[in-house]
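Worksheet: the structure to be examined is printed underneath.
The values are calculated or read from the model by the stated rules, or taken from the named source; none is laboratory data. Computed from a predicted model, the values in this text were never measured in an experiment. Backbone-built Cβ (ideal geometry, glycine too); neighbour counts: all protein chains shown. Accessible surface is based on the protein model in full, side chains and every heavy atom, while ligands, DNA and RNA are left aside. Shrake-Rupley method; radii C 1.70, N 1.55, O 1.52, S 1.80 Å.
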Amino acid sequence: MFSTNQMESIEMKKEDLKNINLKVLDLFEVVSSAENFKLHPQVIFESAFVSVGNDIEKKKQTQKFSKRMNVMMKDMDDLHALRSKVVSVLRDFYCHFVIVSSDYGYSSIAKHYAALARAVKDYTKFMKSQKKNPEIIELGEEFKFLEELNVFDLMREDLMSFQPVVQGRIDAHKEKYPDFVPRSEVTAEINWDAVKEAYKAG
């Protein structure tokens, strides 16, 4: 359980995140709110399927559709798992940005961007392998931007936007605890070499 002071600190940090635009959080909002990204592909295809004609024609169309679903089942399962992974990684970013209060936290965030890069890479590789399944390719058109996403550039832009927030948190801590002396200098400066190493290692 968090103490009252810790809860107040967390709430303040949540509040200061509202003053900046972190693109990775925007990305999470986009994919997590999109039914065509969250739902299993089979559910999407079944909800869109409509048979037409007389009863015999409808039966033939339904049988053909069911057979096609069975053929694609493994690929649909794989797609759903890969998309769920992307959403899961993106969901955790908010907590990272809430807790970071000094330059030491940038490396931790960088490792999480690396995890996002892996998830996006796996998703992109899968989508490129789906020439045999035009239905799945079409399903991915709405989210083509993921396949073109440069995660490292996204991280660089987000960290630069986040840096003033970290500085504000440091200043607020100094103001609240003027007699506190840290073991080492606390700064909001971004050590890009350390960030790059953490990203590679992540």
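The table for this structure:
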| read-out | value |
| --- | --- |
| Residue that is nearest to the chain's Cα centre (by Cα) [pool: residues in segment 47-62 that are open to solvent by 90 Å² or more (accessible area, probe 1.4 Å) and under 24 Å from Glu35 (Cα atoms)] | Ser47 |
| Selection status of Asn133, over 14 Å from Val195 (Cβ atoms) and touching a helix residue (DSSP H, G or I) at 6+ places or on another chain (Cβ under 7 Å) | yes |
| Yes/no for Ala114 being more than 17 Å from Asn133 (Cα to Cα), at pLDDT 95 or above and touching a Phe, Trp or Tyr at 6+ places or on another chain (Cβ under 6 Å) | yes |
| Checklist (1) open to solvent by less than 80 Å² (accessible area, probe 1.4 Å); (2) in a loop (DSSP other than H, G, I, E, B) applied to Asp179, failing item | (1) |
| Residue count for segment 74-122, restricted to those that are among the aromatic types (Phe, Trp, Tyr) and either more than 16 Å from Val151 (Cα to Cα) or surrounded by fewer than 20 Cβ atoms within 10 Å (Cβ to Cβ) (or both) | 3 |
| Residues of segment 123-170 classified as hydroxyl-bearing (Ser, Thr, Tyr), free of Cβ contacts under 8 Å to residues at least 40 places away in the same chain and surrounded by 14 or more Cβ atoms within 10 Å (Cβ to Cβ), total | 1 |
| Sole residue being over 19 Å from the mean Cα position of the chain (by Cα) and part of a helix (DSSP H, G or I), chosen from Met76, Met127 | Met76 |
| Qualifying positions in segment 20-46 - among the aromatic types (Phe, Trp, Tyr) and either closer than 22 Å to Asn150 by Cα or surrounded by fewer than 16 Cβ atoms within 10 Å (Cβ to Cβ) (or both) | Phe28, Phe37 |
